[in-house]
Amino acid sequence: MALTFDDLLARARSLPRHGRRAILGVAGSPGAGKSTLARALVRKLNGAGEAWVAHVPMDGFHLADAELDRLGRRDRKGAPDTFDAAGYAALLRRLREDGSDGDGGETVYAPGFERVLEQPVAGAVPVPPTARLVVTEGNYLLLDTGAWARVRSRLDEVWFCELDEEERIRRLVARHVEFGKSPGDAVAWARGTDQRNAALVAATRDRADLVVPAAALPVVEADG
């Protein structure tokens, strides 16, 4: 039987157990639909009631452009070593430790990412103590090198979004154009820097708990 978005909702809903906060990771190559899936899960699970699910994207841990310039890495922004992987792993650990129960905890603030500016923004994403499920998404959740290797153990499950390659690139190019690149520059970036990162991410697919096919992804704006 084919996996559906409703199946994903039921599986995500079941992750928090015995009062403990659960953290669900959504991985995949650039443009595969990670952010779209994460936002849809959070929106549907929260419904009209009290928000018990929080969304914490990995993108907030992009290094700032000034630091990328200092390191000489600006031309490959989005590669694994252009993120603060250790900081991301530390945040996940704090979210797990602070979420042992729903009472007496404190709000944890995570960094966000401003797409128009393409810069991280500190303290932009609040995770209240009442959040029993945190959905985090990013390219490198399953990477097993460097500080990225600390991430997997902090996640209860990791799902891998899989999309037809040409459709993934089409969405990625459209996103780059939307946020300011010329069509030519968008294609060059998607088939250059992004493609190298995508190959690295694809190699981590077998470490996922679940592979989410395109048919189970919500049909909304291109993202992820």
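So here's what we get for this one:
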item: The stretch 65-95, subset small (Gly, Ala, Ser) and either closer than 26 Å to Ala199 by Cβ or crowded, with 18+ Cβ neighbours inside 10 Å (or both), residue modelled with the lowest pLDDT; result: Gly78
item: Candidate set from the stretch 38-53 (those that are aliphatic (A, V, I, L, M) and either within 25 Å of Thr82 (Cα to Cα) or in a loop (DSSP other than H, G, I, E, B) (or both)); member that is modelled with the lowest pLDDT; result: Ala48
item: Looking only at the stretch 4-20, and only at residues there that are modelled with pLDDT under 95 and in a loop (DSSP other than H, G, I, E, B), the one that is surrounded by the fewest Cβ atoms within 10 Å (Cβ to Cβ); result: His18
item: Scope the stretch 123-145; condition in a loop (DSSP other than H, G, I, E, B), farther than 12 Å from Ala85 by Cβ and in contact with a Phe, Trp or Tyr (Cβ under 7 Å, 6 or more places away or on another chain); matching residues; result: Thr130, Ala131, Arg132
item: Test: residue in the stretch 146-153 that is over 18 Å from Thr82 (Cβ atoms) and touching a strand residue (DSSP E or B) at 6+ places or on another chain (Cβ under 9 Å); result: yes
item: Tally of residues being of a type in the set (A, V, I, L, M) and more than 17 Å from Ser35 (Cα to Cα) across the stretch 156-181; result: 1
item: Evaluation of Arg175 against (1) in a helix (DSSP H, G or I); (2) at pLDDT 85 or above (one fails), failing number; result: (2)
item: Residue check, Ala110 part of a strand (DSSP E or B), touching a Gly at 6+ places or on another chain (Cβ under 8 Å) and surrounded by 22 or more Cβ atoms within 10 Å (Cβ to Cβ); result: yes
item: Selection within the stretch 146-172 - within 30 Å of Arg96 (Cβ to Cβ) and part of a helix (DSSP H, G or I); result: Gly146, Ala147, Trp148, Ala149, Arg150, Arg152, Ser153, Arg154
item: Ser35 vs. criteria among the hydroxyl-bearing types (Ser, Thr, Tyr), in contact with a helix residue (DSSP H, G or I) (Cβ under 9 Å, 6 or more places away or on another chain), crowded, with 21+ Cβ neighbours inside 10 Å and not in a helix (DSSP H, G or I); result: no
item: Scan of the stretch 188-208 for residues that are surrounded by 14 or more Cβ atoms within 10 Å (Cβ to Cβ) and at pLDDT 85 or above, ordered by number; result: Gln195, Asn197, Ala198, Leu200, Val201, Ala202, Thr204, Arg205, Arg207, Ala208
item: Every residue from the stretch 162-183 that is in contact (Cβ under 8 Å) with a residue 24 or more places away in the chain and over 22 Å from Glu118 (Cβ atoms); result: Glu162, Leu163, Asp164, Glu167
item: Residue, farthest from the chain's Cα centre (by Cα), within the stretch 184-207, restricted to residues that are under 21 Å from Gln119 (Cα atoms) and among the acidic types (Asp, Glu); result: Asp185
item: In the stretch 54-72, the residues that are touching a residue at least 40 places away in the same chain (Cβ under 8 Å), more than 23 Å from Ala27 (Cβ to Cβ) and part of a helix (DSSP H, G or I); result: Asp65
item: Residue within the stretch 118-130 that is farther than 30 Å from Asp209 by Cβ and at pLDDT below 85 present; result: yes
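The values are calculated or read from the model by the stated rules, or taken from the named source; none is laboratory data. Values in this document were obtained by computation on a predicted structure and should not be read as measured data. Neighbour counts are summed over all protein chains in view; Cβ atoms, including those assigned to glycine, are modelled from backbone coordinates with ideal geometry.
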